[in-house]
Amino acid sequence: MELQKKLIKHIDCTKEFGPDEYFSFGDVKVVSTECGTYREAGNVPLSRFGYRFQIENLDKPHMAVVRYPDDKTRFMIINDGTCYDMSTGIQTGGPWPVSSEMKEIHNVFWARWKDCSIVFTNWSYDQPAAAESIDIYELEELPPLETSTPDLPYKTRSIGIQYEDPCGTQASEGALTFEQWLEHITTYMKHSGQKSLCYPLCWYHGPFFPSKTQPADSFGMVIAPDRKQYNLWTTEPADWPGVLLEKFDNEGLEFHGVLTLLRLGTLMEKMNVDVEAIKSGAETYNNMLWNDKVQSGTGDWTIVYNARNYENFLNVQDPVHVSTEMEYLYYETPAHKMGHCGPMFNPLHPTVQQTALSFIRETVEKYAKHKSFKGVNLSMWSSAFVWFGSLKTGYDDYTIKLFQRETGIEIPVNADDPNRFSKRYEYLTSEHKSEWIKWRTEKIRELMRQIRDVIVSVRDDLELCLDLWCEMTVPFVYGADEPKHQIFARDSSLQMFKEGGIDPALYCDETNIRLKYQMEGGGRDRCMTRFEDCKTESLHMFRDHDYLDSETLDAFGKLNNVGTLIFNAWHESWGENKWFRADGDDKQAEKLAFIYGQKAEYCRMNSIYPEDGFWWDSQLRICPAFTDERYFLEHYAHALAEFDSLCITRGGLFLDKAHGEKLRQFAKVFNKLPEKKFETVGAQTDPVAVRTLLLDGRQYVYMINREYYPVEVEIDFNARPEAIEDLDSGQKLNAQEKLIISLTGFELKAFIIEPEIKLEKFTASAPPEIVEDLKSRADQAIAAIDKINSVGKNVVGMDIMRSEIPQAVASGRLAWLRRALDSYVIDKCLEL
């Protein structure tokens with residue numbers, strides 16, 4: 001698909017410009033290497049440089065084509081310095097082999113001002129931002145992804161967008177209003193082939209829409225044409241989901257409402273967190289903990305984000321810092337005093353269940369009339385009250401009586417002992433841990449069935465999706481950045497989910513319930529690289545589990561209705577964050593102070609940083625960091641090859657618009673696959689997975705390359721097919737008893753053949769130089785392990801790697817091998 005574009009500015013980053021067009025901070029210089037000549041920031045965090053350019057037409061989308069060197073480890077943020085309109089980021093090196101070539105990203109943006117800037121910022125020590133050139137284009141339009149086949153006679157899979165945080169809508173996509181944001185995101189969804197949107201209807205404190213059952217509020221921000229930043233909030237939100245769904249109805253898109261159930265107002269209003277009264281027998285529907293405390297706050301960062309708190313924020317020094325001494329709504333205990341992150345409310349208590357079911361019913365009944373509304377997603381974090389979150393919660397009198405009655409297991413602890421909660425924990429986790437976990441997972445499944453039944457009673461095709469998060473849960477349950485938090489040292493994510501109350505195996509045959517496994521796609525493992533003494537332990541925790549946690553991957557691969565969420569975790573440098581009252585005669589604020597179309601209260605906001613030559617003092621430095629474009633589809637290919645994932649969503653705080661070509665490449669085939677689990681051909685899906693499905697008298701075959709390099713696939717049939725049809729193009733391939741297909745990096749291809757034809761076997765051949773390089777690295781890793789062993793040192797998991805790496809080499813499991821050789825275990829052995 002060739003975009004119609006007009007070049008409006010070329011910037012050669014190796015040239016010098018005056019202060020009206022260029023600024024820099026830190027040891028920025030032009031360097032020449034084998035890769036080429038380019039401008040490079042200094043080797044310390046937040047060293048940066050940027051350029052200023054003009055555009056004429058704010059109504060048109062634009063594109064910034066950035067050429068940068070892929071020649072060493074880099075971790076850079078690219079944005080306009082003030083808002084999220086053109087924010088993206090790049091990681092090179094590390095676990096992603098460098099090409100020693102100049103690479104490009106094509107970053108689409110809608111501008112909110114004609115006087116624009118683009119800024120390149122370091123995030124880390126010794127991983128400098130760099131650019132060779134920038135071309136700014138005005139685009140005529142963003143045409144939708146063309147499809148070469150008519151409507152298909154079956155329900156298809158979907159690739160889509162998922163937001164965790166809804167605050168940035170009017171600080172991104174050039175949008176000053178919700179209507180503009182909706183128009184732009186719809187345009188980009190259709191352009192990139194992303195046909196579904198998962199977006200919060202209920203955020204950290206309750207509904208973002210007008211509700212009859214719960215106190216509602218909305219929060220967001222808008223960045224004005226003069227770059228002033230305003231925070232917006234209201235306790236009377238507009239019915240914006242109805243507006244969105246009507247547009248999606250007309251555009252043929254799908255919407256899933258995300259419910260992040262950490263709090264609901266009616267539960268907060270009536271909760272009993274008087275721990276001494278509870279110890280004396282008073283009833284509570286709050287969770288009692290392993291340490292005889294009551295969960296009187298979620299224990300995370302979310303406490304601040306309720307519109308009813310914001311007026312107080314104008315009187316404190318650092319409003320978004322959770323340890324700020326101020327009185328929070330409902331007297332909730334802040335994180336630094338709570339000491340434990342977990343669900344405030346007991347998911348088994350009748351009051352909690354009835355409240356949740358009533359709210360979910362209201363939500364679904366309100367929006368199920370729209371054909372684009374497809375169901376609700378529950379954010380399963382450690383602090384979500386629709387499960388236990390971890391083994392440290394659930395020791396209240398109600399739950400324990402229920403457990404004893406239903407299992408017949410007696411707990412030898414006096415019912416009036418003030419320390420009975422901790423004693424129950426000690427006894428159950430030491431004497432009956434497996435029974436305790438099993439019972440809890442079955443009780444949570446009962447609750448999920450009730451939620452599903454409420455949803456389908458409104459419309460029988462709606463779906464309940466459980467988004468099982470690692471990124472939000474692992475640090476709060478296990479901690480981070482230490483050897484004990486690494487692959488093989490801590491529990492598998494599967495065990496973490498079970499201890500929280502979700503056993504995926506219990507959902508294999510449940511209708512209208514989908515489980516989605518969250519993977520990390522925004523560079524969260526590298527957050528700690530902002531510190532000079534960054535440890536190896538800070539660089540691996542999520543990625544290793546995404547690719548090497550076989551117990552978890554196997555469990556999700558067995559599910560009949562499985563999806564994947566790739567989280568674009570963002571990196572934040574807030575500076576000195578300030579909220580302050582707008583001037584009394586601020587007419588601009590009155591004009592812009594609408595959130596989702598509803599008139600809002602407002603204040604000014606800014607992040608203050610040391611002067612560094614940037615043209616404007618209104619600044620934000622928040623962004624995810626993506627891999628080099630060659631590796632952007634890595635998680636997508638992994639999800640399909642590993643799980644046979646029926647849906648894949650990706651996102652975070654704002655819309656990623658820098659990888660449209662890669663998304664279209666994948667979506668044009670993925671979106672045409674039947675939404676049913678396929679049968680795996682052969683015993684191995686590494687480096688290529690091949691699967692088949694018989695459906696309505698036709699046989700569908702897909703193959704997916706897990707790796708960044710090309711792989712040649714040779715398939716043997718039991719007989720010569722009469723016809724082989726390409727699912728994407730509809731073209732006929734030469735029918736032979738042997739099919740040879742070349743797959744480029746992370747490429748997905750699919751075909752249709754007669755149902756009688758059997759795929760006997762297949763082989764996948766990688767480039768010899770790739771295989772030899774991996775074998776050489778495997779030898780080095782084994783030698784390092786043996787040397788560590790010989791001197792009596794130990795890295796947890798090195799015995800596993802010592803066994804599995806040679807097996808992977810022998811069997812040709814090249815994708816697993818590459819991830820294993822880049823794992824914490826091997827990096828630590830080499831380091832030692």
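Counting 0.36 nm for each residue step from Lys29 to Glu183 and taking away their Cα separation leaves a gain of 51.4 nm.
For the chain, the dipole from Cβ point charges (+1 on Lys and Arg, -1 on Asp and Glu) about the Cα centre works out to 980 debye, to the nearest 20.
Of the cross-linked pairs Lys72/Lys228; Lys676/Lys732; Lys498/Lys787; Lys516/Lys793; Lys392/Lys516, those separated by over 27 Å at the C-alpha level are Lys72/Lys228; Lys498/Lys787; Lys516/Lys793. For the range 478-544, GluC sites (Glu not before Pro) are listed when DSSP marks them as loop and at most 10 other Cβ atoms sit within 10 Å of their Cβ; the list is Glu532. Taken about its Cα centre, the range 40-143 carries a charge dipole of roughly 360 debye when the Cβ of each Lys and Arg holds +1 and the Cβ of each Asp and Glu holds -1.
Classify the range 422-541 as rounded, prolate or oblate, taking a ≥ b ≥ c as the square roots of the eigenvalues of its Cα gyration tensor: rounded when a/c is under 1.5, otherwise prolate if a/b is larger than b/c and oblate if not.
oblate
Simple rule: put +1 on each Lys or Arg Cβ and -1 on each Asp or Glu Cβ in the range 721-832, find the dipole, and look at Leu733, Val796, Ala750; the Cα lying farthest toward the positive end is Val796.
Think of each Lys and Arg Cβ as +1 and each Asp and Glu Cβ as -1; about the Cα centre, that makes the dipole of the range 763-832 roughly 160 debye.
What ranking do 669-680, 416-427 get when scored by the average of other Cβ atoms within 10 Å per residue, highest first?
Highest-to-lowest ranking by the protection proxy: 669-680, 416-427.
Post the alpha-carbon centroid distance, the range 532-581 to the range 734-778, in whole angstrom. About 30 Å separates the Cα centre of the range 532-581 from the one of the range 734-778.
Given the peptides 742-754, 203-215, arrange them by the average over their residues of other C-beta atoms within 10 Å, most packed first. Mind dumping the intermediate values first?
Numbers: 742-754: 19.0, 203-215: 21.3.
Top of the packing list down: 203-215, 742-754.
Annotation for the range 502-544: chymotrypsin sites (Phe, Trp or Tyr not before Pro) lying in DSSP loop with at most 16 further Cβ atoms inside 10 Å of their Cβ are Phe531. Judged by the mean number of other Cβ atoms found within 10 Å, the most tightly packed of the peptides 817-828, 244-255 leads the ranking 817-828, 244-255.
Between Ala683 and Ser790, full extension at 0.36 nm per residue minus the direct alpha carbon distance yields a gain of 34.9 nm. What does a probe at Arg581 reach in the range 295-315, counting residues whose amide N is under 20 Å from the point 7 Å along Cα→Cβ? Residues 307-315 qualify, since their backbone N sits under 20 Å from the label point. Measuring how big the range 590-657 is from its alpha-carbon positions, Rg and Dmax come out at 19.4, 52 Å. Membrane-span-like helices of the chain, defined as complete DSSP H segments with a Cα extent of 27 Å or more along the helix axis and a mean Kyte hydropathy of at least -1.0, are identified as 433-458, 768-790.
Near Tyr700: Cβ cut-off under 15 Å, other residues only, Lys/Arg at +1 and Asp/Glu at -1. The net charge is 0. A dipole drawn for the range 543-649 from +1 and -1 charges on Cβ atoms has a positive end, and of Asn560, Phe580, Gly613 the residue lying farthest that way is Phe580.
Out of the total accessible area of the chain (probe 1.4 Å, heavy atoms of protein only), what percent is carbon and sulfur? On the chain, the fraction of accessible area on carbon and sulfur atoms equals 46 percent. Checking every one of the trypsin sites (Lys or Arg not before Pro) in the range 14-102 against DSSP loop status and a limit of 14 other Cβ atoms within 10 Å picks out Lys15.
Taking one quarter of the surface of the C-alpha convex hull of the chain gives a mean projected area of 35.5 nm². Semi-axes of the equivalent ellipsoid for the range 194-262, computed as √(5λ) from the eigenvalues of its C-alpha gyration tensor and ordered from largest down, come to 22, 19, 11 Å.
The values are calculated or read from the model by the stated rules, or taken from the named source; none is laboratory data. Remember, it's a predicted structure, so these values are computed and weren't measured experimentally. All Cβ positions, glycine included, derive from the backbone under ideal geometry; neighbour counts span all protein chains shown. To get the accessible areas, we keep the full protein, side chains included, count just its heavy atoms, and leave off ligands, DNA and RNA. Shrake-Rupley method; radii C 1.70, N 1.55, O 1.52, S 1.80 Å.
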